[in-house]
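> Following this message is one structure expressed as structure tokens.
Readers should treat all values here as calculations from the given coordinates under stated rules, not as data from a laboratory. Treat the numbers as computed from the prediction; the structure is a model and nothing was measured. Note: ideal-geometry Cβ built from the backbone for every residue, glycine included; neighbour counts use all protein chains shown.
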Amino acid sequence: MHALVLHHNHRLPLYLVRFNLPSAKSSSLSRAMSSSVVLPSISLTKPALGSSESFRSSTCLGFKNEIRRVSRLGLGKSRVFMSVAVGSEAVVVDDALFKDYKPSSAFLFPGQGAQAVGMGVEAQKVPAAAELYKRANDILGFDLLDICINGPKEKLDSTVLSQPAIYVTSLAAVEVLRARDGGQQIIDSVDVTCGLSLGEYTALAFAGAFSFEDGLKLVKLRGEAMQDAADAAKSAMVSIIGLDSAKVQQLCDAANEEVDEANKVQIANFLCPGNYAVSGGLKGIEAVEAKAKSFKARMTVRLAVAGAFHTGFMEPAVSRLEAALASTVIRSPRIPVISNVDAEPHADPNTIKKILARQVTSPVQWETTVKTLLNRGLKKSYELGPGKVIAGIVKRMDKGADIENICA
């Protein structure tokens, strides 16, 4: 006997699940299914949905089942579309599933620049956290923890090393929190997550969109691809302190009037009022630095990064990321993960893949992300990983914001 169960969890998309039922007389199973909608087996013509993505087998109510999800269709207001054929079932996950999210507790993950020699020490006191570094070594092919703890700083600051180091250390911080009294309750209470640039990968891993190992492989390739793209052209980044975004844009426009196309600059990181990062060709960045005071900027800070991240200078990295993402199993996150590209949560795995590929050439919309979280009623947030950059940004936008740092 076969039955179809439409099962819903308040934090997860709807799934259509097939069960092989031993007997209709099983009273215990009937009781277990009392809160679900049980449908008879049916056979419908399956529409052309494109490729479907198979997910790992799981166990529900003690019986083996198979879950499949297919890419999003244009369904108007409908969130779920059911297509059933003999031997297969499919559900469309609306990419806007999390659109109306109501945040109360958030995990925020740092990006490149948060690294510091000595990070990872606290993680060694928690077996589950320490284990992440050991698992990372097998993927990376070197002792990541040794570089995190002992440096040297120049080595840790390199793009190819800092990105994996921050990813692993941030997820280790989750395990440090889990080991704390009441830590698991805090983790369970989190209903939204996001990360600054690189930190978006950490947030997706925390939300179950991909495994720790798959995320680390992507981050490793991302760092290498971005480094190679930076090496291909002379470029840089600089933080402009003390100006609003409109003034920074005017500063960029003025600098761009003096340089050729290969040296143009643009705002790459919208962090918070008074702190915006500009990326571009080296001559353009030098022009920005020279003109900043005339635009009443309080100061400029050249960033210790390989090149003009989040601009067209990173275009060579996109195809490599697309190829890696295409071969990576990505699931719909269990909670909303806010994208750096458009400051929106996405549920469709294929959309997430496209956005992650675009992320390296798109400006980071962190200011809009934090503002939206606060405006939607966020009560408590946690910065997990090295440094306190994110906490500083959140506090600048709301002095009364409740944010706690969890280091590893």
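> Name the residues of the range 357-388 whose amide N is less than 14 Å from a point 7 angstrom out from the Cα of Lys102 along the C-beta direction?
376-379
> Lys and Arg at +1, Asp and Glu at -1: add these up for the other residues within a Cβ distance under 15 Å of Ile241 and post the number.
Net of charged neighbours comes to +4.
> Next up: So how do Leu198, Leu145 line up by other beta-carbon neighbours within 10 Å, fewest first?
Ascending number of Cβ neighbours within 10 Å: Leu145, Leu198.
> Taking neighbour Cβ counts within 10 Å as the exposure measure, how do Ser211, Ser294 sort from fewest upward?
Least crowded to most crowded, the residues run Ser294, Ser211.
> May I ask you to evaluate 6.51 cos²θ - 1.76 cosθ + 1.60, the Karplus curve with θ = phi - 60°, for each residue of the range 352-357 and list the ³J(HN,Hα) values in order in whole Hz, giving x for glycine and proline?
Values, residue by residue: 4, 4, 5, 5, 5, 5 Hz.
> Hey, if you drop one equal point scatterer on each alpha-carbon of the range 125-243 and run the Debye formula without solvent, what base-10 log of I(q)/I(0) do you get at q = 0.12, 0.14, 0.21, 0.23 Å⁻¹?
Log-scaled intensity ratios, in q order: -0.50, -0.67, -1.24, -1.38.
> Neighbour counts of other C-beta atoms within 10 Å: give me Met397, Met226 arranged from fewest to most.
Met397, Met226
> Strictly greater than 15 Å: what percent of every Cα pair in the range 285-353 meets that?
For the range 285-353, the share of Cα pairs beyond 15 Å comes to 71 percent.
> Grab the Cα-Cα distance for Asp138 and Asn375, subtract it from 0.36 nm times how many residues apart they are, and report the gain in nm with one decimal.
Stretched out fully, the Asp138 to Asn375 stretch lengthens by 81.1 nm.
> Mind pulling the per residue volume of the convex hull built on the Cα atoms of the range 248-289? Å³ is fine.
54 Å³
> Under the √(5λ) rule applied to the eigenvalues of the Cα gyration tensor, what semi-axes describe the equivalent ellipsoid of the range 315-408? Give them in Å, descending.
Equivalent ellipsoid of the range 315-408: 28, 15, 14 Å, largest first.
> Is the shape of the range 189-337 best called rounded, prolate or oblate, per the rule: a/c under 1.5 gives rounded, else a/b larger than b/c gives prolate, else oblate, with a ≥ b ≥ c the square roots of the Cα gyration tensor eigenvalues?
oblate
> Net charge within 13 Å of Pro273 by Cβ-Cβ distance, Lys/Arg positive one each and Asp/Glu negative one each, not counting Pro273 itself?
+3
> Could you work out Rg/(2.2 N^0.38 Å) for the range 90-191, with Rg from alpha carbons only?
For the range 90-191, the normalised Cα radius of gyration comes out at 1.29.
> I want to check the label-to-label distance for Lys125 and Ala232. Put each point 7 Å from Cα in the C-beta direction and report it in nm to one decimal.
Modelled inter-label distance: 4.5 nm.
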